[in-house]
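Following: one structure in structure tokens, then a few remarks.
The values are calculated or read from the model by the stated rules, or taken from the named source; none is laboratory data. Because the structure is predicted, anything quoted here is derived from the model rather than measured. Here the Cβ is made from the backbone with ideal geometry for all residues, glycine too, and neighbour counts use every protein chain on show. Note: accessible area is taken over every heavy atom of the protein model, side chains too, but ligands, DNA and RNA are not part of it. Shrake-Rupley method; radii C 1.70, N 1.55, O 1.52, S 1.80 Å.
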Amino acid sequence: MARTKNGDQGPLGGAVISQQIAAQLLAELRTGCYAACRRLPAEVELASRLGVSRTVIRDALAELEREGYVERVRGIGTVVNRQIVALASRLDQKFEYNAMIRAAGYTPHADSVTLQREVADSHLAARLGLEPGQPVLVVRKRVLADRQPVIWSVDYLPAALFPPVAVERLDFARPIFDILEEVCGVAVTSTVAHVNAVNGDAAVRQTLAVPSHEALLLLDEVSFSKLTTPVMYSLSYYTNFFDFALLRKKV
């Protein structure tokens, strides 16, 4: 793949590098060398320190600005929004709950994992862009933070995504996004989520050990790969272990 004179890759590679740099800068804003900074250094200084071009730095800062972590002001520089940087769980971003659990200082793991083969009814077919009657895989599991149950997850996946291997041998206790990428060659690029406060049925509440006075947060989601192809329909029930935030920006 072609590289620029500064060592950055072409358009696709450059985008990946800028995303990596954005993630690195965010980590350093939280717990690294910029954790106490109100403003980030100039682009040229960041480029020199990180060993990339100013174009990559500019794209990375643009990404951080879109996510609300910084604001670039002419004549002032790149100002850090400390309140947004401190948010651990944002509903307006693509997230993976194992990463959120780790960010909270706990170790995530899953139990009560089951895998079933079903056929899509009209509701599920509409969510996944299938014809009714087509085969789907249904993965159910409980997610814990250390020993505390925090999520009951149900994922519906088109069976056609998976190669003709023994699907039953796959470890579905792992993050489903990782399995889609590694086994199916499918990367989730966007998710549409509907959020509701629900009681949940008795079995879900018992599995999560939820007190009678507490509601659950239900995320009813369809995940898409490139070209807006639906690849997963999910129902995830969250306990109040999570403190979700939603960033709303004036466009």
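What the table below lists for this structure:
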read-out	value
Candidate set: the range 149-173, residues that are charged (D, E, K, R) and without any contact (Cβ under 8 Å) to a residue 60 or more places away in the chain; chosen: the one least open to solvent (accessible area, probe 1.4 Å)	Asp171
Test: Ile179 is surrounded by 13 or more Cβ atoms within 10 Å (Cβ to Cβ), free of Cβ contacts under 8 Å to residues at least 12 places away in the same chain and either of a type in the set (S, T, N, Q) or closer than 22 Å to Phe95 by Cα (or both)	yes
Identity of the residue in the range 188-228, closer than 18 Å to Val139 by Cα and hydrophobic (A, V, I, L, M, F, W, C), that ends up farthest from the chain's Cα centre (by Cα)	Ala203
Selection count, the range 58-84, where residues are more than 22 Å from Ile17 (Cβ to Cβ), in a helix (DSSP H, G or I) and open to solvent by less than 70 Å² (accessible area, probe 1.4 Å)	1
Hits in the range 229-242 (condition: within 21 Å of Lys141 (Cα to Cα) and open to solvent by 60 Å² or more (accessible area, probe 1.4 Å))	Asn240
Residue match in the range 209-218 (condition: within 26 Å of Pro132 (Cα to Cα) and acidic (Asp, Glu))	no
Selection status of Arg90, touching a residue at least 60 places away in the same chain (Cβ under 8 Å), basic (Lys, Arg) and either under 30 Å from Glu71 (Cβ atoms) or open to solvent by 50 Å² or more (accessible area, probe 1.4 Å) (or both)	yes
Residue in the range 104-119 that is under 25 Å from the mean Cα position of the chain (by Cα) and farther than 29 Å from Ala203 by Cα present	no
Total residues in the range 200-212, condition open to solvent by 70 Å² or more (accessible area, probe 1.4 Å) and either under 12 Å from Asn240 (Cα atoms) or touching a strand residue (DSSP E or B) at 6+ places or on another chain (Cβ under 7 Å) (or both)	1
Residues (under 23 Å from Gly200 (Cα atoms) and free of Cβ contacts under 8 Å to residues at least 60 places away in the same chain) located in the range 127-145	Leu137, Val138, Val139, Arg140, Lys141, Val143, Leu144
